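The values are calculated or read from the model by the stated rules, or taken from the named source; none is laboratory data. Bear in mind the structure is a predicted one, so any value in this text is a computation, not a measurement. Cβ placement follows ideal geometry from the backbone for every residue including glycine, while neighbour counts extend to all protein chains displayed.
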Amino acid sequence: MQKTSPLRLQRLALGLRLHDVEAATGLADTTVSRLERGETTLNGPRLHRLAAFYGVSPSVLAAAMGAWRTSRGGGAARAVESEAPKLPNATP
C-alpha cells in the first residue's frame with residue numbers, strides 16, 4: 001500500500017511547494033493539500049488544471065489517483081467526482 005498520493009509524489013519530485021502549484025493552477029494550496037491527502041475529490045475542473053500543470057492526460061491522473069485511493073481502501077468510485085469532459089480531437 002502506497003501512503004503518499006501520486007499528486008504529492010509528483011510535486012515533491014519536481015521540488016515544488018504547495019504555493020507553487022497554487023500559483024500555477026489557481027487552486028488554493030489548502031485544496032491541493034486536501035487532494036494530495038485524499039480528503040476531497042478530484043473532479044473535472046480540478047482534474048484538468050492539475051493534469052495540464054503536471055503535463056499528463058486527465059485520464060492518466062484520474063487512473064493514478066483512483067488506484068491510490070483503492071489501495072488505501074477508499075474505493076475507485078471516490079477518485080473522480082465527475083467524469084472529465086471529452087475533448088474534441090485536434091486532428092482533422
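Numerical summary
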| read-out | value |
| --- | --- |
| Restricting the range 28-66 to residues that are β-branched (Val, Ile, Thr) and at pLDDT below 95, the residue that is surrounded by the fewest Cβ atoms within 10 Å (Cβ to Cβ) | VAL60 |
| From SER82, SER5, residue being among the hydroxyl-bearing types (Ser, Thr, Tyr) and modelled with pLDDT of 90 or more | SER5 |
| Number of the condition not met by THR41 [criteria: (1) out of contact with any Phe, Trp or Tyr (no Cβ under 9 Å at 6 or more places or on another chain); (2) within 17 Å of ALA62 (Cβ to Cβ); (3) in a helix (DSSP H, G or I)] | (3) |
| Within the range 67-79, tally of residues that are surrounded by 19 or more Cβ atoms within 10 Å (Cβ to Cβ) and at pLDDT below 80 | 1 |
| The range 12-31, residues that are part of a helix (DSSP H, G or I) and out of contact with any helix residue (DSSP H, G or I) (no Cβ under 6 Å at 6 or more places or on another chain) | LEU12, ALA13, ASP20, ALA23, THR30, THR31 |
